[in-house]
Structure formats: C-alpha cells, structure tokens
Amino acid sequence: MNIEQFQRALQEKGIELSPHQLDQFDTYYRLLVEWNEKMNLTAITDKEEVYLKHFYDSISAAFYFDFNKPYRICDVGAGAGFPSIPLKICFPDIHVSIVDSLNKRISFLNHLADSLQLKGVSFYHDRAETFAQKPEHREAYDIVMARAVARMSVLSELCLPLVKTEGTFIAMKAASAQDEMDTGKKAIFTLGGKIAEIHHFTLPEENSERNIITVNKVKKTPKKYPRKPGTPNKQPIE
C-alpha cells in the first residue's frame, strides 16, 4: 500500500489526513526503520508493508468505533506504538497511555512522540498485571486496546481491569478469533465485561483476515484480578 493508496483508503472510510498528518506518518516510518536496526521493534520494514500492516491495520479500529472524542485510551503491550499512535495521529484529541514491559520500546516511543510533536501521550514501563493494580490506573480509562498481544482469555485479564465501568475494551485480532471467543467468554464475564460486537474484514491487497472485538464493561472487576505477573498466561480463566 503506497502513500496515495493509504490516503485514499482512509478517505473512503471518512478519515481525511492533512499534509501535516501525512508528514507524521512518514516520520514514524523513518524512525521505526532507523530504531529497528538497534532493537527488535518489527519484522516488517518494507515501506508499503508498514503502511498496510501497521498503519492502516491500526487505524482500522476507527472503521467500527468513533474516536472523535477526547477519550482516555490505554494501549496494552503496544510495542512500537500499534495501534494507538496511528490512531493518535488521525484523532489528535484522544489521550493515549501505553504500557509496555520492555524499557527499550518505551525509549523509542518517547523519542517518537517528541519527533511527531504529540501532546497528550504517556508511556509506562510496567507489566500489565501490576499496572492494572495501581489505583491511579485501575478502571480509569474510557477505552483499553490491544493488538494481537495474547489470546482473548489472557488479554481480557490484562485489559478489562483498566477499563472504567461503561467503558470499552477493543481487541484487534487476526484469524482464529472465533475459537478465542469461545474459550474467552468465561474470562470476559468474570472480569465484568459483555461482548458487544465482533467485526470481520480482510486487509486490502493481501486479503488476510482481521477481527475487531468490542467488549462493554458492565460491572467492576473483582479486586483479585489481574493476578500476579505471568499467572494469566499460565492459568487462564477458561
């Protein structure tokens, strides 16, 4: 997906990018490739692939959810900033917090935010399990997002404790989402969530499957969740 195709594809979805926003994506790409030479940020470095599989794919959440409000958003395990930084470029009024367990990635994100002159972004070096037990973050976010971090039962335990009641958890998954939903239902219910919608689509050009799952937070998460680091993955609620 070249830049013109990227811009046109977003226009078709009602997202108009200014020259400044297009410059921000160009800078993002250049910094991603530059920093990737000294740390492992992404296996994808071809420009057209980055625009399709990272930028466009990240923004696809906005095809099914309206980000035109100053939401407080937490992105769990964002790595090189996906999906929340592409969304922040498109929707400057959102407030983005990223939590990631690797400090090197946080260094990259700080440099990226400075270079893109992003306001209203915060980066935290922490495990999601301990981050969600901190009073200032627990049930403090309108939206919590994650993109292909872990299977749904595990992801729900990492993300739902951060979502405020009546807020939304958005999981961005590739194929096998239905199998994950079958095993993840118990965790979603236990943690105070209720499945709202599951959107299926294919990525342009390569036609790989994508799924965007939205979960409404309908009641508070029991205090014991999330459990200590590593436990959700070893002993998922299934």
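Restricting the first residue to region 13-42 and requiring it to be of a type outside the set (Val, Ile, Thr), which pairs with a second residue that is in a loop (DSSP other than H, G, I, E, B) meet a Cβ separation below 7 Å and a spacing of at least six or different chains?
Every condition considered, the pairs that remain are Leu32/Leu41; Leu32/Thr42; Leu32/Ala80; Trp35/Leu41; Asn36/Thr42; Asn36/Thr45; Leu41/Gly79; Leu41/Ala80.
Of (1) within 20 Å of Asp66 (Cα to Cα); (2) touching a helix residue (DSSP H, G or I) at 6+ places or on another chain (Cβ under 9 Å); (3) open to solvent by 10 Å² or more (accessible area, probe 1.4 Å), Gly193 satisfies all except one. Which?
Going through (1) within 20 Å of Asp66 (Cα to Cα); (2) touching a helix residue (DSSP H, G or I) at 6+ places or on another chain (Cβ under 9 Å); (3) open to solvent by 10 Å² or more (accessible area, probe 1.4 Å) one by one, Gly193 breaks only (3).
For region 207-238, give me each residue that is among the charged types (D, E, K, R) and open to solvent by less than 80 Å² (accessible area, probe 1.4 Å).
Answer for region 207-238, where residues must be among the charged types (D, E, K, R) and open to solvent by less than 80 Å² (accessible area, probe 1.4 Å): Arg210, Lys217, Arg227.
Considering Ala113, Ala146, Ala150, Ala196, which residue is in a strand (DSSP E or B) and within 20 Å of Thr42 (Cβ to Cβ)?
Numbers: Ala113 fails: in a strand (DSSP E or B); Ala150 fails: in a strand (DSSP E or B); Ala196 fails: within 20 Å of Thr42 (Cβ to Cβ).
Of the residues listed, the single one that is in a strand (DSSP E or B) and within 20 Å of Thr42 (Cβ to Cβ) is Ala146.
Can you run down the residue pairs with Cβ atoms below 6 Å, 6 or more apart or on separate chains, where the first is in region 108-125 and more than 20 Å from Met39 (Cβ to Cβ) and of a type in the set (D, E, K, R) and the partner is open to solvent by 70 Å² or more (accessible area, probe 1.4 Å) and not in a loop (DSSP other than H, G, I, E, B)?
none
What number of residues within region 199-228 satisfy the criterion of being modelled with pLDDT of 95 or more and either among the aromatic types (Phe, Trp, Tyr) or part of a loop (DSSP other than H, G, I, E, B) (or both)?
11
Would you mention how many residues in region 221-236 are more than 18 Å from Met145 (Cα to Cα) and either touching a Gly at 6+ places or on another chain (Cβ under 9 Å) or among the acidic types (Asp, Glu) (or both)?
Selection size over region 221-236: 2.
From the list Glu197, Glu206, Glu180, which residue is farther than 18 Å from Val154 by Cβ, under 21 Å from the mean Cα position of the chain (by Cα) and of a type outside the set (Ser, Thr, Tyr)?
Numbers: Glu206 fails: under 21 Å from the mean Cα position of the chain (by Cα); Glu180 fails: farther than 18 Å from Val154 by Cβ.
It is Glu197.
Does Glu136 qualify as being out of contact with any Leu (no Cβ under 8 Å at 6 or more places or on another chain), surrounded by fewer than 16 Cβ atoms within 10 Å (Cβ to Cβ) and either acidic (Asp, Glu) or modelled with pLDDT of 95 or more (or both)? Explain how you work it out, then say what you get.
On the way: out of contact with any Leu (no Cβ under 8 Å at 6 or more places or on another chain): yes; surrounded by fewer than 16 Cβ atoms within 10 Å (Cβ to Cβ): yes; either acidic (Asp, Glu) or modelled with pLDDT of 95 or more (or both): yes.
It is true that Glu136 is out of contact with any Leu (no Cβ under 8 Å at 6 or more places or on another chain), surrounded by fewer than 16 Cβ atoms within 10 Å (Cβ to Cβ) and either acidic (Asp, Glu) or modelled with pLDDT of 95 or more (or both).
Being of a type outside the set (Phe, Trp, Tyr) and over 11 Å from the mean Cα position of the chain (by Cα) is the filter here; which residues of region 61-87 pass it? Outline the logic, then answer.
Kept after step one, since they are of a type outside the set (Phe, Trp, Tyr), are these residues of region 61-87: 61-62, 66, 68-70, 72-81, 83-87.
Answer for region 61-87, where residues must be of a type outside the set (Phe, Trp, Tyr) and over 11 Å from the mean Cα position of the chain (by Cα): Ala62, Asp66, Asn68, Lys69, Pro70, Arg72.
With the condition being modelled with pLDDT of 95 or more, farther than 18 Å from Leu116 by Cβ and of a type outside the set (Asp, Glu), I'd like the helices (runs of 4 or more DSSP H) fully within region 1-90 carrying at least 2 qualifying residues. Even if it seems obvious, please write down each step before you answer.
On the way: elements: 3-12, 19-36, 47-50, 84-90.
Of the helices (runs of 4 or more DSSP H) lying wholly inside region 1-90, those with at least 2 residues that are modelled with pLDDT of 95 or more, farther than 18 Å from Leu116 by Cβ and of a type outside the set (Asp, Glu) span 3-12.
For Ile59, all conditions in the list (1) out of contact with any helix residue (DSSP H, G or I) (no Cβ under 6 Å at 6 or more places or on another chain); (2) of a type in the set (A, V, I, L, M); (3) open to solvent by less than 30 Å² (accessible area, probe 1.4 Å) hold save one; what is the number of the exception?
For Ile59, the exception is condition (1).
Considering only region 160-173, state which residues are closer than 21 Å to His54 by Cα and either buried (at least 24 other Cβ atoms within 10 Å of the Cβ) or of a type in the set (A, V, I, L, M, F, W, C) (or both).
Step one: filter region 160-173 for residues closer than 21 Å to His54 by Cα, giving 169-173.
Once the filter is applied, which keeps residues that are closer than 21 Å to His54 by Cα and either buried (at least 24 other Cβ atoms within 10 Å of the Cβ) or of a type in the set (A, V, I, L, M, F, W, C) (or both), region 160-173 yields Phe169, Ile170, Ala171, Met172.
Would you point out which residue out of Phe108, Phe91 is aromatic (Phe, Trp, Tyr), buried (at least 17 other Cβ atoms within 10 Å of the Cβ) and within 20 Å of Leu162 (Cβ to Cβ)?
Working: Phe108 fails: within 20 Å of Leu162 (Cβ to Cβ).
Step by step, each of Phe108, Phe91 is checked, and only Phe91 is aromatic (Phe, Trp, Tyr), buried (at least 17 other Cβ atoms within 10 Å of the Cβ) and within 20 Å of Leu162 (Cβ to Cβ).
Could you tell me which residue of region 171-194 is farthest from Pro161 (Cα to Cα), considering only residues that are modelled with pLDDT under 85 and hydrophobic (A, V, I, L, M, F, W, C)?
If we take residues in region 171-194 being modelled with pLDDT under 85 and hydrophobic (A, V, I, L, M, F, W, C), then Ala175 is farthest from Pro161 (Cα to Cα).
The values are calculated or read from the model by the stated rules, or taken from the named source; none is laboratory data. Because the structure is a prediction, the values reported are computed rather than measured. Counting neighbours? That spans all protein chains shown, and the Cβs are built from the backbone with ideal geometry, glycine included. Keep in mind that these areas ignore ligands, DNA and RNA; they rest on the heavy atoms of the full protein, side chains included. Shrake-Rupley method; radii C 1.70, N 1.55, O 1.52, S 1.80 Å.
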